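Peer 1: Got a structure here, written out as structure tokens. Questions coming.
Taken together, the values in this text are just the output of simple stated rules run on the coordinates, not laboratory data. A quick note: this is a predicted structure, and the numbers were derived from the prediction, not measured. Neighbour counts run over all protein chains shown; Cβ positions are idealised from the backbone, glycine included.
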Amino acid sequence: MSQTNKAVLEQANAAIVEGDYEGFLSACTDDTKWTFVGEQTLDGKEAVRQWMARTYKEPPRFDVHRLVAEGDIVAAIGEITLKDEAGKATHHSYCDVWRFRDGKLAELHAFVVETGQQAGQR
């Protein structure tokens, strides 16, 4: 199951990079819950859809360093580059901890820190 969940997450993230946000959302449960630790919580697929529309002015770039899976949990550790409101690239380190239910992304706890570094520079 762990390997299957990792594959689901990899495919979902690939959809985001291609700008296929609905493709990503198809991998989520309808009642998916996303908690951005210290910031906000999104309840349900529609809230996530609206957040993506606001946040992803263009598709983000991911550099996943490690995926760790056990049971119904997959943790993704890496870097992400987003464009801010002014179109400037912002770089972040992140750890996303996903809980799966019935093969879909049911819950996220995201720990994201803006680094100010180019992706890949450490």
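Peer 1: Using modelled backbone amide H atoms (1.01 Å from N, in-plane), which distant-in-sequence or interchain residues come within less than 5 Å of T115's amide H?
Peer 2: H91, H92, S93
Peer 1: Hey, another quick one. Using modelled backbone amide H atoms (1.01 Å from N, in-plane), which distant-in-sequence or interchain residues come within less than 5 Å of D20's amide H?
Peer 2: Under 5 Å from the amide H of D20: no residue qualifies.
Peer 1: In whole angstrom, note down how far apart the Cα centers of the range 77-115 and the range 58-72 are.
Peer 2: Between the Cα centre of the range 77-115 and that of the range 58-72, the gap is 8 Å.
Peer 1: Next question, about the same structure. To the nearest 20 debye, what is the magnitude of the charge dipole of the chain about its Cα centre, counting +1 on the Cβ of each Lys and Arg and -1 on the Cβ of each Asp and Glu?
Peer 2: Magnitude of the dipole: close to 220 debye.
Peer 1: Using helices alone, I'd like the mean residue ellipticity at 222 nm for the chain: each DSSP H run of four-plus residues gives -39500 (n - 2.57), total over residue count, nearest 500.
Peer 2: -8000 deg cm²/dmol
Peer 1: In a Gaussian network model over the chain where Cα atoms closer than 10 Å are linked, find which of A12, A76, A86 has the largest mean-square fluctuation.
Peer 2: A86
Peer 1: Apply the Karplus parameterisation 6.51 cos²θ - 1.76 cosθ + 1.60, with θ equal to phi minus 60°, to every residue of the range 93-99 and state each ³J(HN,Hα) to the nearest whole Hz, in sequence, with x for glycine and proline.
Peer 2: Going residue by residue, I get 9, 8, 9, 9, 10, 9, 10 Hz, with x marking Gly and Pro.
Peer 1: Which residue fluctuates the most in the chain, going by a Gaussian network model with Cα springs under 10 Å, if the choices are K88, K57, K45?
Peer 2: Checking each option, the largest mean-square fluctuation is seen for K88.
Peer 1: Here are several values of percent of Cα pairs over 23 Å apart: [x] 36; [y] 24; [z] 46. Which one was derived from the coordinates shown?
Peer 2: Here percent of Cα pairs over 23 Å apart agrees with entry [y].
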